[in-house]
Structure formats: structure tokens, C-alpha cells
Amino acid sequence: MSVVAVRGLHKSYAGKAAVSDLTFSVESGEILGLIGPNGAGKSTTIKVVLDFMKPDSGEVEVFGHRMNESDKDRIGYLPEEKGLYKNLATIDLILYLATLKGMDKATAEKEANELLRRTGMLESRKKKIKELSKGMAQVVQLIVTIIHSPELIILDEPFSGLDPVNTDLMKQIVGTLRDEGKAIILSTHQMNNVEELCDSVLMIDKGRSVLYGGLRETRERFREHSVQVEVDGEPGELTGVVDRKSSSGAVELILAPDASPQSILDQLRDRGLSIRRFEITTPSLNDIFLRIAGQTHA
Amino acid sequence: MHKTTLMFKHEFLVTIRRVGFIIMTLIVPALALLGIGILALTSNVAEPSMPGLTSIGVVDEVGIFDGQTAQGFVRLVPFASKEEATAALARSQIEEYIVIPADHISSGTVQRYTLEKELSTSPVKVAMIKSFLTWNLLEGDVPPEIITLVVSPLNLEATRITETGEPAAEQNSIGNVVIPAVFALLLSLALMLGSMSLINGLGEEKESRLIEVLFSSVSVRQLLIAKVLALGIAGLLQVLVWLISMPLLLNLASSVLGGALGDIQIPSGFLVLGVVYFVLGYLLFAVLSIGIGAISPNAREGSQLSMIYTMASFIPLWFASLLVAFPNSPIWVVLSVLPITSPVQVMLRLGVSDIPVWQILVSIGALVASIIAGLFVSTKLFRMQMLMYGKRPSLAEIARSLKNA
């Protein structure tokens with residue numbers, strides 16, 4: 001059973017479609033990257049999944065059924081804009097929101113202290129939210145999102161505005177949550193984070209799904225038939241290479257359809273060249289998105 | 001229920017810890033204390049003294065007003081002509097003068113001349129001139145005690161009785177108006193401040209997207225119940241502080257004024273109706289504020305929009321003096337039934353006149369109906385519009401929200 005299953009979702013505002021015919025699912029222990037440009041429909045999709053708004057048509061199931069109030073305690077949500085009660089002490093805020101998720105206060109306090117310790121914020125537990133740096137407040141928001149150990153976690157732009165240290169900390173936490181079997185939807189327009197963390201990807205553009213599948217399979221599907229090489233000397237003519245592009249010391253060799261990277265590597269070795277780098281070209285998600293967006297907008 | 005209680009507790013504590021709430025709660029008794037202090041200070045500093053003897057000139061063109069020239073603290077000085085009187089006025093020998101024209105007996109006119117800038121002649125001087133004229137006209141023809149009776153103000157002793165002829169427990173007195181009027185004023189303030197507090201809270205949660213975190217944990221219904229109740233109880237607490245301090249302050253003021261406020265009474269049914277209208281008024285303004293908070297992109301715009309109904313609640317206070325002068329006008333019935341104005345209007349009317357039971361019932365019924373309708377509309381707007389950011393929806397969008405929610 002999928003933790004989230006969305007089929008044929010359609011939602012419009014004032015007659016203008018925000019999301020059209022969207023289908024995807026998220027399983028336990030999976031991070032789904034929800035990517036797309038601003039205004040693509042990511043936030044609308046999240047709001048419908050969270051039952052903040054009803055779809056015009058289509059089905060949305062969470063934990064195998066239409067969402068009900070009791071399901072809310074099994075979900076953690078970190079919104080795009082990070083809003084907290086600024087005048088509350090950090091620990092009071094965490095405890096208040098944790099108890100709203102059904103936790104008893106004693107357990108919530110124990111968990112809060114543990115998470116604050118893990119994130120290096122235990123000493124700031126008495127500080128008011130307004131006294132925290134933006135990065136620290138964002139970590140608090142993540143703690144609030146995960147303190148009740150939800151089975152489904154929805155993170156909307158969790159890394160925006162974070163410094164590298166806090167970004168790395170957040171990534172570690174998200175990775176750990178996936179390892180613990182949580183289903184995670186990670187909405188972002190920062191493709192590099194999706195590449196680093198996600199198992200699958202749903203790319204939305206203008207409310208429509210333009211790409212959906214496992215990250216590895218997706219990259220494989222969009223892989224150029226080429227290799228990147230850095231060698232001492234000139235590789236010369238190679239059998240199976242139909243074109244080549246040079247950039248900053250490396251050469252990208254475009255292969256003929258029947259040529260294999262292994263045959264190219266063998267040829268370079270046979271010529272006695274010292275190979276510093278040999279890499280099968282894999283397109284970044286950004287490249288894939290630009291390619292798809294180019295096709296869509298053409 | 002547990003989540004509603006948690007949210008109620010949180011919202012209540014946040015509300016009563018707001019600096020604005022604390023200041024408003026304490027400022028009313030503090031200002032009253034200050035006023036009493038100033039009153040006590042000035043009454044001690046300014047020794048009561050008899051007014052000095054005043055000279056007023058009289059130009060009598062009729063020729064019969066020459067007696068009774070000592071009227072209390074006023075001495076009337078005769079002059080043969082206006083020119084002489086004006087010259088004496090210029091020399092400050094007199095403070096002013098009057099001319100009794102030759103046709104006074106038929107016209108009743110008296111002309112008064114003064115160097116002072118004033119809006120109108122003081123009632124004391126009018127009474128004094130009237131007394132001077134009356135004494136001169138009637139002396140010799142009418143017994144002095146009758147003249148005294150004629151020139152003295154009417155000593156009317158009014159007693160309110162029951163249908164059996166017994167004196168009513170609640171007697172008519174201007175003092176009866178004091179507590180309902182003060183309560184009505186405080187109620188208006190509390191309604192306005194409560195509305196603004198709720199809208200500000202919603203605005204902050206909307207602007208910071210905290211509302212999304214709350215929506216992901218509790219239902220819209222739980223959220224609304226907690227907010228409305230917290231605001232209502234906080235408001236009740238505020239009014240309770242004011243009401244508890246009111247009798248103490250009145251006693252204090254009365255002792256400062258030498259018992260002048262001793263005839264203040266609480267009208268019958270005031271306490272019960274006061275609580276009923278306070279609670280219903282608060283609920284109505286809370287549901288309206290939720291709707292306004294939902295459609296407003298931020299707290300500032302929400303506060304501006306809320307002025308429409310918070311200012312309307314002050315209408316009865318603007319016309320309170322007319323209510324005292326014309327207590328039976330139909331306009332007061334309309335304002336007593338109109339839900340926005342009824343809580344304050346009924347409180348004011350309780351101090352001035354009796355309100356028929358049917359009017360109270362219609363008024364409460366209209367309030368309850370508007371609260372239910374307001375809750376229905378506001379909940380729909382809240383559900384549909386709280387997650388819309390950036391701009392205020394058009395009327396068409398609001399109508400669509402009401403249809404689709």
C-alpha cells in the first residue's frame with residue numbers, strides 16, 4: 001500500500017488550471033522529489049494532499065484511504081514560508097505544536113530535547129524564536145515537523161535560505177528519516193538537492209506532470225551516449241566516436257549508437273595514454289528539466 | 001476536544017500576555033483613578049468661596065423697575081440712558097448692563113450689553129434678571145411668599161410607583177444611567193479591541209504561513225472554536241476587571257464628591273442582560289473578524305476592514321444624549337434589534353427607560369441568528385481564503401468561495 005497515492009488530480013483557481021491530471025505515489029522509505037519552476041503547481045499539489053483544499057477531480061489517498069482528521073497526527077509538514085510564533089520560547093513552541101500532533105507533554109519534551117541535542121541547539125531551548133538566526137529557526141521548524149515521528153513527511157523548500165552547514169544538517173536528518181522508513185515528499189526547485197537525496201522524481205511544469213519515475217531510471221533514460229575523458233596527450237581518432245567537444249581540459253566523446261564506453265576505454269588504454277578521468281556522461285536533473293521544458297515550450 | 005483545549009489555552013495565554021491587552025485592561029481603572037485624584041486635588045486646592053458682588057447697570061425705559069436692586073450677589077445700578085451705562089461699563093464701574101425697553105410690558109424683551117465674549121447668557125443671570133423684573137412687577141399687588149414661589153425653580157419630587165401604588169424598588173435617577181453607560185462604553189471598546197486582536201493574530205499566522213502548520217494538525221472547526229472562545233474569555237476577563245473596579249471607583253469618587261454619586265443604582269436585569277449581550281456581542285464580532293481575517297492579505301488590511309463594523313458598534317454612544325432627551329423614539333428600537341448595535345444600545349437603554357420584553361427577545365434572536373449565519377459564512381471563507389496569499393479576493397471570488405467550500 002502506498003503512503004500517498006494520487007490519481008488524475010485536477011485543481012483549478014478561478015477557472016485557471018493549477019494542476020492537471022497529476023498521478024504519482026510515494027512509498028514508505030522513499031523520498032519523492034517534487035520539482036518544477038515557481039508557479040508550476042507544487043504547492044497546490046501539496047495542499048491537496050494535505051487536505052487543505054479539495055481537488056476538482058481525481059483521487060487522493062493517504063495511508064490507503066481518503067484523508068481524515070486522525071491521519072493528521074501521522075503527517076509532518078514543513079511549509080515553504082517558515083512561520084513560527086516569534087515570542088514563544090523554542091521549547092514551548094515545540095511542545096505546543098507537538099501536543100497538537102497528539103503527543104503527551106512528557107514524551108514530547110524528551111523527544112524535543114533529543115532533537116535539539118542532535119541539532120546542536122539544546123542551549124537555545126529557552127531562547128525566543130525571534131532571537132534565533134534564520135537557519136536555527138528553520139531547524140526548529142524541522143524539529144516541529146518530525147518530532148511526532150510521522151509516517152509521511154512533506155517538506156516544501158526545506159533548504160531555501162540555509163547556510164551550507166545547516167543545509168548539510170538538514171540533509172542528514174532527511175536521509176535518516178528515509179532510512180527509518182518514512183515516506184517523504186520533498187518539494188524544491190533546487191535540483192541538486194533532489195539528485196542528492198531523492199529516490200524518485202516528479203517534475204511539474206504548468207500544472208502538468210512532465211516527468212515521473214525513479215531518479216536512476218530517469219537519468220538513465222536521458223543519458224547522452226557519451227563519455228567524459230581527461231587524458232595526458234591527444235586521444236586521436238577513436239573507433240565508435242562520432243563527435244567530440246572540449247571544455248576546460250576534458251573532452252566529451254559522443255559515441256555512435258553501436259559503440260560502448262568500454263570499447264573507448266580499451267582503445268585509450270591500448271594507446272598507452274595516462275587516463276586521469278573516464279566518466280560516462282550522466283545528465284543532471286537541471287539539464288533534463290531544461291531539455292523537457294525546452295521541448296514543452298517549443 | 002483535547003486539541004481544541006490545547007489551542008484554546010495557547011490562544012488565551014497569548015491574548016492576555018499581549019502588551020496592548022494588558023494596557024487596555026489596566027488603563028480604564030487607572031484613568032478613572034487619575035480622574036478622581038485630580039478631582040480630589042482641585043477640590044482641596046480651590047477653597048469653596050462665595051461669588052463676589054457684581055454690579056449690573058439697568059436702563060429702565062418703562063419707569064417702574066426701581067426696587068429690589070439687590071438680587072443675591074448682584075447689585076443693580078440704575079442709569080438714565082444707554083450712553084451713561086456704556087460709559088460706566090467702559091470705566092469698569094459695572095460689569096454689564098441691561099435695557100428694559102418702553103414696550104417691555106407688551107413685548108417682554110430685555111436687552112443685555114456686555115464686553116465679554118460668551119456663547120449665551122448664563123442661566124444664573126437669566127434667573128436673577130427674571131427675579132428682579134418679577135419682583136418689581138408684582139410687589140405690592142401679590143404677597144411676597146407668592147412672588148418668591150413664582151421666581152423659584154420648580155421643586156418637583158418624582159416617585160416611580162408600582163401598579164399597586166407602592167414606591168418601585170428602582171427609582172428614576174440620572175445616576176441609573178451611569179453604570180449602563182460606562183458598561184456600554186467599555187463593551188464597545190472591548191468589542192473593538194477583541195476584533196482587532198483576533199484579526200491581528202490571524203493576519204500574523206497567515207503572513208507567516210503558520211496557519212498551514214496549524215491546519216496540518218487540527219481541523220478548521222477546532223481552530224475556530226479555540227480562537228473564538230479564547231478571545232471571548234479574554235474579553236470577559238477584561239470586562240470583569242473593569243466591572244469589579246467600577247463600584248470601588250464609584251465609591252471613591254462619591255466620597256471625593258461628598259456623596260454626590262450616592263444615588264447610582266444598577267437597573268434591574270442589567271447584570272443578566274449585560275452578560276448575555278456581552279457574550280453574544282463578542283461571538284458576533286469574533287465570527288465577523290474571522291471572515292475579515294480570512295479574506296485580508298495581512299493584519300493591517302484586516303484591521304482597516306474591521307473598522308466598518310467596530311465603528312458601527314459605537315453608533316449608540318454617539319447618539320446617547322438624544323436617547324436621554326427622547327427615550328421613546330422608534331430609532332432606539334431599530335438600533336436595539338440591529339445585531340451590530342444591539343449589545344451597546346440595549347445597555348444604554350436599560351439605564352434610561354424600560355425595554356419591552358418582546359424587543360429584548362427579538363434583539364437576542366436577531367443576534368443569535370446573525371452569529372449562526374456569520375459563523376457559516378466565515379467558516380467557509382476561512383476554509384477557502386486563509387490559504388490564499390498576496391491579495392484580497394474580489395467579491396466574485398468570495399461568492400465562489402461560499403459556493404464551493
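The values are calculated or read from the model by the stated rules, or taken from the named source; none is laboratory data. As the structure is a computational prediction, the values presented were derived from the model and not from experiment. Don't worry about glycine lacking a Cβ; one is built from the backbone with ideal geometry, like all the others, and counts go over all protein chains shown.
Among the residues of the range B:182-209, not one is within 9 Å of another protein chain (Cβ to nearest Cβ) and either aromatic (Phe, Trp, Tyr) or more than 21 Å from A:Glu80 (Cα to Cα) (or both).
Being hydroxyl-bearing (Ser, Thr, Tyr) and part of a loop (DSSP other than H, G, I, E, B) is the filter here, so list the residues in the range B:196-228 that pass it.
B:Ser208, B:Ser216, B:Ser217, B:Ser219
For residues that are over 23 Å from A:Val165 (Cβ atoms) and of a type in the set (Ser, Thr, Tyr), scanning just the range A:74-119, find the one that is modelled with the lowest pLDDT. For the range A:74-119, the residue satisfying everything is A:Tyr85. Inspection of the range B:361-371 finds no residue satisfying the criterion of being over 30 Å from A:Ile46 (Cα atoms), out of contact with any helix residue (DSSP H, G or I) (no Cβ under 9 Å at 6 or more places or on another chain), more than 14 Å from chain A (Cβ to nearest Cβ) and modelled with pLDDT under 85.
Restricting the first member to the range B:210-222 and to residues that are without any contact (Cβ under 8 Å) to a residue 60 or more places away in the chain and at the interface with chain A (Cβ under 7 Å from one of its Cβ atoms), and the second to residues that are of a type in the set (A, V, I, L, M) and in a loop (DSSP other than H, G, I, E, B), the beta-carbon pairs closer than 6 Å and six or more apart or on different chains are B:Ser216/A:Leu50.
Inside the range B:305-328, residues that are modelled with pLDDT of 85 or more, assigned to a helix (DSSP H, G or I) and of a type in the set (Gly, Ala, Ser) make up a count of 2.
When you look at A:Val231, is it free of Cβ contacts under 8 Å to residues at least 24 places away in the same chain, over 30 Å from A:Thr45 (Cβ atoms) and surrounded by 13 or more Cβ atoms within 10 Å (Cβ to Cβ), yes or no?
Values: free of Cβ contacts under 8 Å to residues at least 24 places away in the same chain: no; over 30 Å from A:Thr45 (Cβ atoms): yes; surrounded by 13 or more Cβ atoms within 10 Å (Cβ to Cβ): yes.
Here the answer is no, as A:Val231 does not meet what is asked.
From the list B:Thr15, B:Thr54, which one is modelled with pLDDT of 80 or more and closer than 30 Å to A:Met103 by Cα? Being modelled with pLDDT of 80 or more and closer than 30 Å to A:Met103 by Cα holds for just one of B:Thr15, B:Thr54, which is B:Thr15.
On the basis of being over 23 Å from the mean Cα position of the chain (by Cα) and among the hydrophobic types (A, V, I, L, M, F, W, C), does B:Ile179 make the cut? The answer is no for B:Ile179. Counting only strands (runs of 3 or more DSSP E) that fall entirely inside the range B:1-117 and contain at least 1 residues that are aromatic (Phe, Trp, Tyr) and free of Cβ contacts under 8 Å to residues at least 24 places away in the same chain, the qualifying elements are B:74-79. Across the range B:216-256, the qualifying residues are those that are β-branched (Val, Ile, Thr) and either more than 20 Å from the chain's Cα centre (by Cα) or under 20 Å from B:Lys380 (Cα atoms) (or both), and the one among them that is surrounded by the most Cβ atoms within 10 Å (Cβ to Cβ) is B:Val228.
If you check A:Ser43, A:Ser57, A:Ser28, A:Ser70 for being within 14 Å of chain B (Cβ to nearest Cβ) and modelled with pLDDT of 90 or more, only one passes: A:Ser57.
On the given criteria, is B:Ile360 over 30 Å from B:Phe215 (Cβ atoms), assigned to a helix (DSSP H, G or I) and not small (Gly, Ala, Ser)? So that I can check it myself, show each step before the final result.
Working: over 30 Å from B:Phe215 (Cβ atoms): yes; assigned to a helix (DSSP H, G or I): yes; not small (Gly, Ala, Ser): yes.
It is true that B:Ile360 is over 30 Å from B:Phe215 (Cβ atoms), assigned to a helix (DSSP H, G or I) and not small (Gly, Ala, Ser).
Considering only the range A:9-16, I want to know if a residue exists there that is part of a loop (DSSP other than H, G, I, E, B), within 14 Å of chain B (Cβ to nearest Cβ) and on the phi > 0 side of the Ramachandran plot. Explain how you work it out, then say what you get.
Step one: list which residues in the range A:9-16 are part of a loop (DSSP other than H, G, I, E, B), which gives A:14-15.
Retained after the next criterion (residues that are within 14 Å of chain B (Cβ to nearest Cβ)): A:14-15.
Among the residues that remain, those that are also on the phi > 0 side of the Ramachandran plot are: A:14-15.
Yes; the residues of the range A:9-16 include at least one that is part of a loop (DSSP other than H, G, I, E, B), within 14 Å of chain B (Cβ to nearest Cβ) and on the phi > 0 side of the Ramachandran plot.
Condition test on A:Leu116, is it surrounded by fewer than 20 Cβ atoms within 10 Å (Cβ to Cβ), more than 12 Å from every other protein chain (Cβ to nearest Cβ) and on the phi < 0 side of the Ramachandran plot? It is false that A:Leu116 is surrounded by fewer than 20 Cβ atoms within 10 Å (Cβ to Cβ), more than 12 Å from every other protein chain (Cβ to nearest Cβ) and on the phi < 0 side of the Ramachandran plot. Condition check for B:Glu205 on (1) surrounded by fewer than 23 Cβ atoms within 10 Å (Cβ to Cβ); (2) within 35 Å of the chain's Cα centre (by Cα): one failure, at (2).
Okay, residues lined up against (1) closer than 22 Å to A:Lys86 by Cβ; (2) at pLDDT 90 or above; (3) in contact with a Cys (Cβ under 8 Å, 6 or more places away or on another chain):
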position	(1), (2), (3)
A:Met121	yes, no, no
A:Lys127	yes, yes, no
A:Gln138	yes, no, no
A:Ile146	yes, yes, no
A:Asp168	no, no, no
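Among the conditions (1) of a type in the set (Val, Ile, Thr); (2) closer than 25 Å to B:Arg17 by Cβ; (3) more than 12 Å from every other protein chain (Cβ to nearest Cβ), the only one that A:Thr99 does not satisfy is (3).
A residue that is in a helix (DSSP H, G or I) and within 30 Å of A:Ile46 (Cα to Cα) occurs nowhere in the range B:180-195. Could you list all residues from the range B:105-149 that are over 13 Å from B:Gln68 (Cβ atoms) and touching a helix residue (DSSP H, G or I) at 6+ places or on another chain (Cβ under 6 Å)? Within the range B:105-149, none qualify.
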